[in-house]
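Would you mind keeping the following structure in view while I ask a few things?
The values are calculated or read from the model by the stated rules, or taken from the named source; none is laboratory data. Note that the structure is a prediction, hence the values are computed from the model and not measured. Methodologically, a virtual Cβ is constructed for each residue, glycine included, from the backbone with ideal geometry; neighbour enumeration extends over all protein chains shown.
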Amino acid sequence: MDSEAPIGIFDSGFGGLTVARAVIDQLPYEDLIYLGDTARAPYGEQPIAMVREFALECLDHLVAQGVKMVVIACNSASAAVLRDARERYDVPVVEVILPAARRAVAATRTGRVGVICTEATATSQAYDDAFSAAPQVDLLTAACPAFVPFVEAGITGGPELLACAEGYLAPLRDAGIDTLILGGTHYPLLTGVISYVLGERVSLVSSADECAKDVYAVLTRLGLTHDQPREPSHRFLTTGSPADFEGIGHRLMCGIVVGVEQFA
Ligand code: DGL
């Protein structure tokens, strides 16, 4: 494998930029190719078989670009292809679900863990499967479909979002969780309101941050990192409108997303 090659990051749309951001923070000299399937997003509302088909098609394209690793930044896509993506590709595959589950097992004191995610991720039961080796954990899952449109509209505060967060999170809080997995790409941008509703006693586990740590660990283990200071090059591809991607991307990534390319 070529350590000079870029890291490929795939998401259903814009949300995976939270993962790209975490990877850039931890591995600042790596080149990235990010592919967002915005034309077919949101994945979280679609049947898991369809998410699987879309995700494998996009991942095939990313691997064909000669990346040294693929990162499945999307929780719904990770849930859909978790079982076979590793067998399908020669390059290492890192996804978001298993690293977040591992961190939650290490973090919980009471064994009561919550996960918030899309409908697709919830119905796939991928998080339940990820915790099967930790029978001491009692996992409570809440699908939070309305969070994604809030974030994409640039809304991360205010009374409407707070009411929505109360509705989703109060049952988890009342059930006594002490750890919450942010099992969706957009949720790291909502940690303010989520912490406000749940209180400081609940630890938040960001699947984006845990995934980026896994990217670091796997590349380091394989001797594939760029360690010397250099100016990296990042490419952003979208199946939808480059202008929309650039607009939302600019908001989410503070100027890192420029020159978005159309990907057919
Ligand atoms: N990227 C998706 C996820 O993390 C959220 C957005 C969508 O539904 O496409 O599950």
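Checking M50 against (1) within 16 Å of the chain's Cα centre (by Cα); (2) within 16 Å of the ligand (Cβ to nearest atom): exactly one of these is not met. Which one?
Going through the list (1) within 16 Å of the chain's Cα centre (by Cα); (2) within 16 Å of the ligand (Cβ to nearest atom), M50 breaks only (1).
Here are some residues: E4, E53, E57. Which one is outside any helix (DSSP H, G or I) and surrounded by fewer than 24 Cβ atoms within 10 Å (Cβ to Cβ)?
The conditions single out E4.
If you check G183 against the conditions, is it of a type in the set (G, A, S) and in contact with a Cys (Cβ under 6 Å, 6 or more places away or on another chain)?
yes
Evaluate the following for T141: is it polar (S, T, N, Q) and surrounded by 23 or more Cβ atoms within 10 Å (Cβ to Cβ)?
Details: polar (S, T, N, Q): yes; surrounded by 23 or more Cβ atoms within 10 Å (Cβ to Cβ): no.
Criteria not met by T141.
Then there's this: Filter the stretch 103-126 down to residues that are closer than 17 Å to A73 by Cβ and surrounded by fewer than 24 Cβ atoms within 10 Å (Cβ to Cβ) and give me whichever is nearest to the ligand (Cβ to nearest atom).
S124
When you check I194 against the structure, is it over 16 Å from the mean Cα position of the chain (by Cα), of a type in the set (A, V, I, L, M) and over 17 Å from L32 (Cβ atoms), yes or no?
Yes; evaluated as a whole, the condition is true for this residue.
Just name the residue that is farthest from the ligand (Cβ to nearest atom) out of those in the stretch 14-47 that are modelled with pLDDT of 95 or more, among the aromatic types (F, W, Y) and surrounded by 20 or more Cβ atoms within 10 Å (Cβ to Cβ).
Here the answer is Y34.
Among what's in the stretch 196-214 and is in contact (Cβ under 8 Å) with a residue 12 or more places away in the chain and part of a loop (DSSP other than H, G, I, E, B), pick the residue that is nearest to L27 (Cα to Cα).
Within the stretch 196-214, the match that is nearest to L27 (Cα to Cα) is V202.
Within the group G184, G249, which residue is touching a helix residue (DSSP H, G or I) at 6+ places or on another chain (Cβ under 7 Å), at pLDDT below 95 and of a type outside the set (F, W, Y)? Don't jump to the end; show me each part of the working.
On the way: G184 fails: at pLDDT below 95.
Selected residue: G249, the only one of G184, G249 that is touching a helix residue (DSSP H, G or I) at 6+ places or on another chain (Cβ under 7 Å), at pLDDT below 95 and of a type outside the set (F, W, Y).
Within the stretch 200-221, is even one residue more than 19 Å from P99 (Cβ to Cβ), surrounded by fewer than 16 Cβ atoms within 10 Å (Cβ to Cβ) and not basic (K, R)?
Looking through the stretch 200-221, at least one residue is more than 19 Å from P99 (Cβ to Cβ), surrounded by fewer than 16 Cβ atoms within 10 Å (Cβ to Cβ) and not basic (K, R).
Sticking with this structure for a sec: Restricting to the stretch 127-163, give me the number of residues that are over 26 Å from L98 (Cα atoms), away from the ligand (no atom under 16 Å from the Cβ) and touching a helix residue (DSSP H, G or I) at 6+ places or on another chain (Cβ under 7 Å).
3
Here's something else I'd like to know. Those residues that are acidic (D, E) and assigned to a helix (DSSP H, G or I), I need them from the stretch 7-50; list them, please.
Within the stretch 7-50, D25, E45 qualify.
Separate question: Which members of the stretch 228-260 meet the condition of being surrounded by 10 or more Cβ atoms within 10 Å (Cβ to Cβ) and acidic (D, E)?
Once the filter is applied, which keeps residues that are surrounded by 10 or more Cβ atoms within 10 Å (Cβ to Cβ) and acidic (D, E), the stretch 228-260 yields D244, E246.
Does the stretch 222-240 include one or more residues that are assigned to a loop (DSSP other than H, G, I, E, B), of a type in the set (G, A, S), touching a residue at least 60 places away in the same chain (Cβ under 8 Å) and away from the ligand (no atom under 16 Å from the Cβ)?
Step one: filter the stretch 222-240 for residues assigned to a loop (DSSP other than H, G, I, E, B), giving 222-233, 239-240.
When the remaining residues are screened for being of a type in the set (G, A, S), the result is 223, 233, 240.
With the extra rule that they be touching a residue at least 60 places away in the same chain (Cβ under 8 Å), the set shrinks to 223, 233, 240.
Checking the rest, the ones that are also away from the ligand (no atom under 16 Å from the Cβ) come to 223, 233.
Checking the stretch 222-240: at least one residue is assigned to a loop (DSSP other than H, G, I, E, B), of a type in the set (G, A, S), touching a residue at least 60 places away in the same chain (Cβ under 8 Å) and away from the ligand (no atom under 16 Å from the Cβ).
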